[in-house]
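The values are calculated or read from the model by the stated rules, or taken from the named source; none is laboratory data. This is a predicted model, so every value here is computed, not measured. Heads up, the Cβs are rebuilt from the backbone with ideal geometry, glycines too, and the neighbour counts pull from every protein chain shown.
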């Protein structure tokens, strides 16, 4: 397997990162009308990349996954974590989440919370997450709220 590195995203990468998110969400078989409506929203913008902690997994120079961490609040929020479908199950998500945890440690945040897509819940639980509740998503379905101790 080629080496994978994690770097900070650049504002000019917003469109490429949005395409990764759309492909990843589509991978789970959601109805196309929901994906299309979601894809029309600003999933990630150059402004968000400048403001938030946005990081990219790369194979060679090709982006294959990314995450966004909102670190200026307590607990920190993992707002996004997306992996290109061809790379799902190859450890990219684990690398991205470990990067987010390292950033939280450096900045003194003890916990990360996130709303987990039900298809990704097993991943977050394997990574040490605990379900602490749920909320109703924009698609009017319950999604688990997960907390990960950074410790």
Set 108, 133: member being at positive phi and modelled with pLDDT of 95 or more:
133
Filter result for residue 72 (surrounded by fewer than 19 Cβ atoms within 10 Å (Cβ to Cβ) and either at pLDDT 95 or above or under 15 Å from the mean Cα position of the chain (by Cα) (or both)):
no
Taking the stretch 12-31, which residues are modelled with pLDDT of 95 or more and surrounded by fewer than 14 Cβ atoms within 10 Å (Cβ to Cβ)?
12, 15
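Has the stretch 78-85 got any residue that is buried (at least 21 other Cβ atoms within 10 Å of the Cβ), part of a helix (DSSP H, G or I) and touching a strand residue (DSSP E or B) at 6+ places or on another chain (Cβ under 8 Å)? Before the answer, list the steps.
Taking the stretch 78-85 first, the residues buried (at least 21 other Cβ atoms within 10 Å of the Cβ) are 78, 80-84.
Then keep just the ones that are part of a helix (DSSP H, G or I); that gives none.
Looking through the stretch 78-85, none of the residues is buried (at least 21 other Cβ atoms within 10 Å of the Cβ), part of a helix (DSSP H, G or I) and touching a strand residue (DSSP E or B) at 6+ places or on another chain (Cβ under 8 Å).
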Which of the residues that make up the stretch 51-97 are under 15 Å from residue 7 (Cβ atoms) and touching a helix residue (DSSP H, G or I) at 6+ places or on another chain (Cβ under 6 Å)?
53, 55, 57, 63, 64, 65, 66, 67, 69
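Go through the residues of the stretch 37-53 one by one and say whether even a single one is touching a residue at least 40 places away in the same chain (Cβ under 8 Å), buried (at least 19 other Cβ atoms within 10 Å of the Cβ) and closer than 21 Å to residue 146 by Cβ.
yes
Does residue 49 qualify as being closer than 18 Å to residue 10 by Cα, outside any loop (DSSP other than H, G, I, E, B) and modelled with pLDDT of 95 or more? Spell out the reasoning first.
Values: closer than 18 Å to residue 10 by Cα: yes; outside any loop (DSSP other than H, G, I, E, B): yes; modelled with pLDDT of 95 or more: yes.
So residue 49 passes the test.
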Residue match in the stretch 95-107 (condition: under 26 Å from residue 139 (Cα atoms) and either crowded, with 19+ Cβ neighbours inside 10 Å or in contact with a strand residue (DSSP E or B) (Cβ under 7 Å, 6 or more places away or on another chain) (or both))
yes
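With the structure loaded, tell me whether residue 101 is over 12 Å from the mean Cα position of the chain (by Cα) and not in a loop (DSSP other than H, G, I, E, B) or whether it fails that test.
Values: over 12 Å from the mean Cα position of the chain (by Cα): yes; not in a loop (DSSP other than H, G, I, E, B): yes.
For residue 101, the condition - over 12 Å from the mean Cα position of the chain (by Cα) and not in a loop (DSSP other than H, G, I, E, B) - is met.
Considering 118, 63, which residue is within 14 Å of the chain's Cα centre (by Cα), within 19 Å of residue 19 (Cβ to Cβ) and surrounded by fewer than 19 Cβ atoms within 10 Å (Cβ to Cβ)? Give the derivation first.
Details: 118 fails: within 19 Å of residue 19 (Cβ to Cβ).
So the residue among 118, 63 that is within 14 Å of the chain's Cα centre (by Cα), within 19 Å of residue 19 (Cβ to Cβ) and surrounded by fewer than 19 Cβ atoms within 10 Å (Cβ to Cβ) is 63.
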